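The values are calculated or read from the model by the stated rules, or taken from the named source; none is laboratory data. Keep in mind it's a predicted model, so treat the numbers as computed, not measured. Note that each Cβ is placed from the backbone with ideal geometry, even for glycine, and that neighbours are counted across all protein chains shown.
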Amino acid sequence: MSDVIIIGAGPAGLSAAIYVQRAGKQALVLEAMTFGGQIVNTPEVENYPGIKSISGFDFAMALYEQATELGAQVVFDKAVHIVKSDKLWRVVTASEASYEAPAVILATGAKNRKLGIEREDALTGFGVSYCATCDGAFFKGKAVAVNGGGNTALEDAMFLSNACSKVYVVHRREGFRGEPQTLEALRAKENVEFVLNATVTRLLSGADLAEVGSSGVHDPNRLAAIEVTDKMTGEDRILEVEGLFIAIGQEPENRDFADVAELDPAGYIVAGEDCMTNSPGIFVAGDCRTKQVRQLATAASDGAVAALAACAYVG
Ligand code: NAP
């Protein structure tokens, strides 16, 4: 039996696993998809203290190796339910396995927010993407758009601008949440055009392009253009792009655990900097927690805090 079950193998969960192992306890990490969480989608991490520059994937790999070499067990199975079982918590998975431990750390992160417009799902993988690192290489020499104004959008746009012929940055207002330094670097790029106060209102496939007067040859089943609408004037503009990278933030996925930890109205698990939830023995770490700053550094910090609190609880 493990001492601490950690749900999620992103930066918060793996940092927690490292701290649990180093405290002499046994960690079991349950991960629904693949290790690394959102950071694997980040081309270059340049704001993690002590590391000048590293790809998100390499960072995730290093964390995973560090945790597993310390003895943390990682099982790739989705935790779907947690129930109290005498003095233990029992975590039940999608494959109907169950694991028990006195303490659980929820480190479920968050998933990409969708635009919610027509054909978004149908064109995902056919020009629409949520991951520039994963899919950017397919668009070498082509025109693409990035939607969003946070760090993910700015870093994606920077990454894509190195390989794509043109990058439109479509953002719904003039101010950006992303770091001013990255914004300035993007503004200096000749192949980057900002389309501000605008929202993406329509996705057009190759088959639709004739309708809007394009003479180009396009795959009828792939994205060929997007329509953006100016929020001030209401005017529509067609941008002929073969790729749209949607980077409009994340949403937590904690509904499965709502009966063991209080959620705020947006679905984040309510806890302060001590990472303690309202259930004794249930802790929370990383982007799924109510907090102001969601960064790699704060995810790692939460992992350490939650792990040490969980180990103290286990005794
Ligand atoms: P974010 O900071 O929440 O930014 C989301 C952006 O999308 C905002 O500009 C927002 O506009 C826009 N947006 C939200 N909903 C929208 C909608 N329905 N339609 C159009 N636009 C919409 O998300 P993020 O960039 O993914 O970053 C998430 C967290 O990870 C942040 O804390 C970020 O700093 C961090 N991060 C860190 C690194 C790093 O450390 N290297 C890299 C990437 C991300 P408004 O501004 O108008 O709300």
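Taken over the range 149-203, the criterion of being polar (S, T, N, Q) and either crowded, with 22+ Cβ neighbours inside 10 Å or over 15 Å from residue 47 (Cβ atoms) (or both) is satisfied by 152, 161, 162, 165, 191, 197, 199, 201.
State which residue is nearest to the ligand (Cβ to nearest atom) when the search covers only the range 103-126 and only residues that are over 12 Å from the mean Cα position of the chain (by Cα) and β-branched (Val, Ile, Thr). Going through the qualifying residues, I end up with 117. When residue 98 is tested against (1) within 16 Å of the ligand (Cβ to nearest atom); (2) surrounded by fewer than 19 Cβ atoms within 10 Å (Cβ to Cβ), just one condition goes unmet, and that condition is (1). Do we have residue 217 as free of Cβ contacts under 8 Å to residues at least 12 places away in the same chain and of a type in the set (A, V, I, L, M, F, W, C) here? Judged against the criteria, residue 217 is a match.
Quick check on my filter: what residues within the range 204-231 are surrounded by fewer than 16 Cβ atoms within 10 Å (Cβ to Cβ) and either under 15 Å from residue 158 (Cα atoms) or of a type outside the set (Val, Ile, Thr) (or both)? Selection gives 207, 210, 211, 213, 215, 216, 219, 220, 221, 230, 231. Here the condition is being at pLDDT 95 or above and at positive phi; of 213, 243, 234, it holds for 234 alone. For residue 32, the requirement of being free of Cβ contacts under 8 Å to residues at least 60 places away in the same chain, buried (at least 16 other Cβ atoms within 10 Å of the Cβ) and more than 16 Å from the ligand (Cβ to nearest atom) is not met.
How do the strands (runs of 3 or more DSSP E) wholly within the range 238-315 filter down when requiring 1 or more residues that are away from the ligand (no atom under 16 Å from the Cβ) and without any contact (Cβ under 8 Å) to a residue 12 or more places away in the chain: which remain? Result: empty, no element qualifies. Of everything listed in (1) farther than 20 Å from residue 115 by Cα; (2) in contact with a Lys or Arg (Cβ under 9 Å, 6 or more places away or on another chain), the single unmet condition for residue 217 is (2). Here 104, 75 are screened, and the one residue that is within 23 Å of residue 299 (Cβ to Cβ), surrounded by fewer than 17 Cβ atoms within 10 Å (Cβ to Cβ) and of a type in the set (A, V, I, L, M) is 75. When the residues of the range 130-148 are filtered to those that are crowded, with 23+ Cβ neighbours inside 10 Å and within 14 Å of the ligand (Cβ to nearest atom), the one that is nearest to the chain's Cα centre (by Cα) is 132. Cβ-Cβ distances below 9 Å connect the following pairs, each with a first residue in the range 43-59 that is in a loop (DSSP other than H, G, I, E, B), a second residue that is within 9 Å of the ligand (Cβ to nearest atom) and among the aliphatic types (A, V, I, L, M), and a separation of six or more residues or different chains: 47/296; 47/297; 49/297; 53/45; 55/45. Of the residues 141, 136, the single one that is touching a Pro at 6+ places or on another chain (Cβ under 9 Å) and within 16 Å of residue 191 (Cα to Cα) is 136. The residues of the range 151-168 that are β-branched (Val, Ile, Thr) and more than 9 Å from the ligand (Cβ to nearest atom) amount to a single one, 167. All conditions but one from (1) in contact with a Gly (Cβ under 6 Å, 6 or more places away or on another chain); (2) farther than 18 Å from residue 304 by Cα; (3) away from the ligand (no atom under 12 Å from the Cβ) apply to residue 40; the one that does not is (3).
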